[in-house]
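Visitor: Take this structure first; my questions come after.
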Amino acid sequence: MTPDRSGGELCLAIDIGGTKFSAGLVDACGRVVDELRMPTPATGDAEELLGSLAGLIGRLPQGAVVCGVGCGGPMAARGENVSPLNIPAWREFPLLDRLRILTVLPVFVDNDAKALALGEWWQGGARGKSSFLAMVVSTGVGGGIVLDGRLLDGLSGNAGHIGHLIVEPNGRLCACGARGCLEAEASGPAIAAITGDDPESATPEVIERTGRLVGRAVASVANLLDLDLALVAGSVALGFGTPFFESAQEEIDERARTDFSRGTRIAPALLGARGPLVGAAAVGWRGWGLKGPWTGRIF
């Protein structure tokens, strides 16, 4: 079947995170037609978790032609097995095959932050850019990198995982086993562990520190990869707002000092709350063969 480029066909878009599941229908122009969400069940049973996701999907209208999924990582290439650090019930869980059986659709899976990068490239703040970084700072911290007009995958599909850059040597123990990872210092659960309170109640000092650590990581990526834009989404970053981004920008300005990285900019992801589903849909539409920025052409 040739993909419909008019916007009439729909992608079943699924976002799987440590705090919430969301599912919706997104057309080929990036419009979210339907959307449902639920808290991620607090269970250690992998099948119960999948059953909850199936229930959410089952409440949506039928008729999608493809399914795109953004899921927390790490994962095997193409999402054949996923082991999200913030979803302990899923370790080496065969998400791709299970969703193929559940939805009876072609299914394409990628890391949720890489999905965000595709979505921002397609319909958000990175339109027209050939190189940039997209980040999620929420329950976890992830990233996706577009370089020279190509989304980076890496050896196992996990390229761009900025949450495991070391920003505080000998810092807090991360779920990955290392110390001082950005995720262990700046994610929502990390902030709660450090302060004893929810991120929503963070003091100006905590917001400033979180922004500074994120800026430190962004500066390292800019220095390494010669890119000049970082777009950041996620409940922590967007909830902290302007003070977070100002602190991050100050840190970048101090640490990205080479001729090519000086001037690197950090900004909120333009898609906002739509980002996870638009990004998941971008994963699906790209796999389905729809033309987009990932092909060097426009719709």
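Visitor: If you add up the charges near residue 118, with Lys and Arg at +1 and Asp and Glu at -1, over every other residue whose beta carbon is less than 9 angstrom from its beta carbon, what do you get?
Guide: 0
Visitor: Taking the Cα atoms of the stretch 143-196, what is the range of coordinates along each of the three principal axes, in descending order and whole Å?
Guide: 42, 18, 16
Visitor: Given the DSSP H assignment, sum -39500 (n - 2.57) over each helix run of at least 4 residues in the chain and divide by its residue total; what's the result at 222 nm in deg cm²/dmol, nearest 500?
Guide: Taken over the chain, the calculation gives -10500 deg cm²/dmol.
Visitor: Now for a separate question. Restricting the count to DSSP beta bridges whose residues both fall in the chain, what percent are antiparallel, rounded to a multiple of 5?
Guide: The antiparallel fraction comes to roughly 60 percent.
Visitor: Starting from 0.36 nm per residue, how many nanometres of slack lie between residue 200 and residue 273 once their C-alpha separation is accounted for?
Guide: 24.6 nm
Visitor: What is the packing order of peptides 210-222, 41-53, taking the mean over residues of other C-beta atoms within 10 Å and listing the highest first?
Guide: Output ranking for 210-222, 41-53: 210-222, 41-53.
Visitor: Using amide H atoms built in the peptide plane, which far-off residues or other-chain residues are under 5 Å from residue 17 H to H?
Guide: Residues meeting the amide H criterion: 22.
Visitor: Once you put a point 7 Å from the Cα of residue 254 and another 7 Å from the Cα of residue 101, both along the Cβ direction, what distance in nm separates them?
Guide: In this crude label model, residue 254 to residue 101 measures out at 5.3 nm.
Visitor: Right, something else. Tally Lys/Arg at +1 and Asp/Glu at -1 over every other residue whose Cβ is under 14 Å from the Cβ of residue 256; what's the total? Mind showing how you got there, number by number?
Guide: On the way: positive: 212, 216, 255, 257, 262, 265; negative: 226, 228, 250, 251, 253, 254, 259.
Net charge in that neighbourhood comes out at -1.
Visitor: Give the residues of the stretch 251-274 whose amide nitrogen is closer than 11 Å to a point set 7 Å from the Cα of residue 224 in the direction of its Cβ.
Guide: Label zone hits: none.
Visitor: I'd like the orientation of helix 242-255 relative to the chain: the angle between its Cα long axis and the longest Cα principal axis, in ° from 0 to 90, rounded to 10.
Guide: Compared with the principal axis, the helix lies near 60 degrees.
Visitor: Sticking with this one: Per q in 0.12, 0.15 Å⁻¹, report the Debye log10 I(q)/I(0) for the stretch 127-270, using one uniform scatterer on each alpha carbon and no solvent.
Guide: Each listed q corresponds, in turn, to -0.43, -0.68.
Visitor: Here's another thing I want to ask about it. Let me test this: with uniform point scatterers at the alpha carbons of the stretch 12-130, what is the Debye-based log₁₀ I(q)/I(0) at q = 0.12, 0.16 1/Å?
Guide: -0.41, -0.73
Visitor: The stretch 83-104 to the stretch 158-190: how many Å between their Cα centroids?
Guide: 24 Å
Visitor: Here is a further query. Computed over the Cα atoms of the chain, what is the convex hull's projected area averaged over all directions, in nm²?
Guide: Numbers: hull surface 57.7 nm².
That works out to 14.4 nm².
Visitor: Right, another one. Tally Lys/Arg at +1 and Asp/Glu at -1 over every other residue whose Cβ is under 13 Å from the Cβ of residue 21; what's the total? Walk me through the numbers on the way to the answer.
Guide: Details: positive: 20, 37, 59; negative: 15, 35, 48, 112.
Combined, the nearby Lys, Arg, Asp and Glu give -1.
Every number here is computed from the coordinates shown, using simple stated rules; none is lab data. Bear in mind that the values here come from a model prediction, so they are computed numbers and not experimental data. Virtual Cβ from ideal backbone geometry, glycine too; neighbours counted across all protein chains shown.
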